C-alpha cells in the first residue's frame, strides 16, 4: 500500500511538472463593455508559482466620445484558494501616436481615424503564491467612449 501511494505521488508530481512546462495562454481575452449590461470584465488565467509573469490590460475606445485623458480601473485578482487582492490603477488614454511615443509601458494605435487601441503594462515579474486558475476582474470608473477591455499575460522567466 505504501509503494502504491508513493508511485501515485511521483506520478502526480511528474504530471504537474509537465503542465508547468507548457507555455501558458498569452493571447488576449476581451470583454465588451456595456453600461446597460456588463459592468465588470472578468478574465481567467492559469498561473504556475514557479514562473514570473508580465500582465497587461488593453482597451478599445472611441476618440470622438472619450472625454478624458485617463481611465481608472478597479481591479480584483482572486487566487485559486479564494484569496482576494485589490488594486486601483490609472492608465493614460491618448488621442494621437505623438502623445504615446515616449511611454515605454504603453502600446497605442488608431484604426479608421476614430477607434483607438491601447495596451498598458499592469505588472512585471509577478510571481503568484498559488498554482492554478486565477480570476482577474476590472471595472472602469467611467464608461464614456470605452468599447472593450482586454487582459493578457506572458511568462517573464523562471523563479529562482
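Every number here is computed from the coordinates shown, using simple stated rules; none is lab data. All of these numbers come straight from a predicted model, not from anything done at the bench. Note that we place each Cβ from the backbone using ideal geometry, even for glycine, and neighbour counts take in every protein chain shown.
Each peptide among 65-71, 40-46 gets the average number of other Cβ atoms lying within 10 Å of its residues, and from highest to lowest they stand as 40-46, 65-71.
Give me the distance between the Cα centres of segment 52-101 and segment 119-160, rounded to whole Å. Comparing the Cα centres of segment 52-101 and segment 119-160, I get a distance of 9 Å.
Among 48, 62, the order by Cβ neighbours within 10 angstrom, fewest to most, reads 62, 48.
Taking 0.36 nm per residue of sequence separation and subtracting the Cα-Cα distance, how much length would be gained by fully extending the chain between residue 44 and residue 142, in nm to one decimal? Can you show the working numbers first?
Values: separation 98, 0.36 × 98 = 35.28 nm, distance 2.31 nm.
Full-extension gain reported as 33.0 nm.
One chain, two ends: residue 110 and residue 156. Fully extended at 0.36 nm per residue, the span grows by 13.8 nm beyond their Cα-Cα distance.
Compute the FRET efficiency between residue 98 and residue 130 as 1/(1 + (r/R0)^6), taking r as their Cβ-Cβ distance and R0 = 41 Å, and round to the nearest 0.05. List each step's numbers first, then the result.
On the way: r = 42 Å, r/R0 = 1.04.
In this case the efficiency is close to 0.45.
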